[in-house]
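K.L.:
Sharing a structure with you now.
The values are calculated or read from the model by the stated rules, or taken from the named source; none is laboratory data. Since we're looking at a predicted model, the values are computed, not measured. FYI the Cβ positions are ideal-geometry reconstructions off the backbone, even for glycines, and counts take in every protein chain you see.
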Amino acid sequence: MDKIAKILQLALMCIILVSTVIAVGMEINNMFLNQSVMLADLLLMFLYLEVLAMVRVFWNQQSISITLPLLIAITALARFIILQGKEMDPSALVYEAIAIVLIASAIVILRLRHSDKLGLKKRKSK
């Protein structure tokens with residue numbers, strides 16, 4: 001059962017990898033055809049880059065730390081705000097801003113938890 005699950009995970013990662021590369025190509029083609037590069041386009045390319053990084057990390061370590069999906073979520077929210085900002089009431093953007101702050105706080109807390117700066121070193125078990 002474990003072997004089947006591992007094969008399915010790797011197959012899905014291959015599908016995600018190929019799909020992301022295709023999406024990057026399509027986005028570059030759209031930017032070339034439109035002859036313009038907007039901030040939303042750059043953020044979308046950054047999202048694709050983070051997805052590729054997540055695939056690489058999973059492939060190497062067979063696990064994913066929570067940091068990469070959180071970075072993807074922050075970038076996706078920022079892109080959403082930029083795309084919707086012109087059409088939305090500014091007070092509606094408060095919820096998206098709060099979501100970004102919460103996700104960023106989670107990243108900081110996770111980073112500090114694994115940092116030696118707080119003096120929270122792992123205790124050696126005897």
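K.L.:
Looking at SER36, SER63, can you tell me which residue is over 29 Å from CYS14 (Cα atoms), without any contact (Cβ under 8 Å) to a residue 40 or more places away in the chain and either in contact with a strand residue (DSSP E or B) (Cβ under 8 Å, 6 or more places away or on another chain) or not in a helix (DSSP H, G or I) (or both)?
P.N.:
Step by step, each of SER36, SER63 is checked, and only SER36 is over 29 Å from CYS14 (Cα atoms), without any contact (Cβ under 8 Å) to a residue 40 or more places away in the chain and either in contact with a strand residue (DSSP E or B) (Cβ under 8 Å, 6 or more places away or on another chain) or not in a helix (DSSP H, G or I) (or both).
K.L.:
Going by the structure shown, is ILE16 among the aliphatic types (A, V, I, L, M), assigned to a helix (DSSP H, G or I) and in contact with an Asp or Glu (Cβ under 6 Å, 6 or more places away or on another chain)?
P.N.:
no
For (1) touching a Phe, Trp or Tyr at 6+ places or on another chain (Cβ under 8 Å); (2) buried (at least 16 other Cβ atoms within 10 Å of the Cβ); (3) within 25 Å of GLU27 (Cβ to Cβ); (4) at pLDDT 80 or above, each residue gets a yes or a no:
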| position | (1), (2), (3), (4) |
| --- | --- |
| GLN61 | no, no, no, yes |
| MET88 | no, no, yes, no |
| SER105 | no, no, no, yes |
| LEU112 | no, no, no, no |
| LEU118 | no, no, no, no |
| LYS122 | no, no, no, no |
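K.L.:
Name, by its number, the condition in (1) within 27 Å of ALA106 (Cα to Cα); (2) outside any helix (DSSP H, G or I) that does not hold for ILE82.
P.N.:
(2)
K.L.:
Identify the residue in the range 14-35 that is under 22 Å from the mean Cα position of the chain (by Cα) and more than 20 Å from PHE46 (Cβ to Cβ) and, among all such residues, is surrounded by the fewest Cβ atoms within 10 Å (Cβ to Cβ).
P.N.:
Restricting to residues being under 22 Å from the mean Cα position of the chain (by Cα) and more than 20 Å from PHE46 (Cβ to Cβ), the top hit is ILE15.
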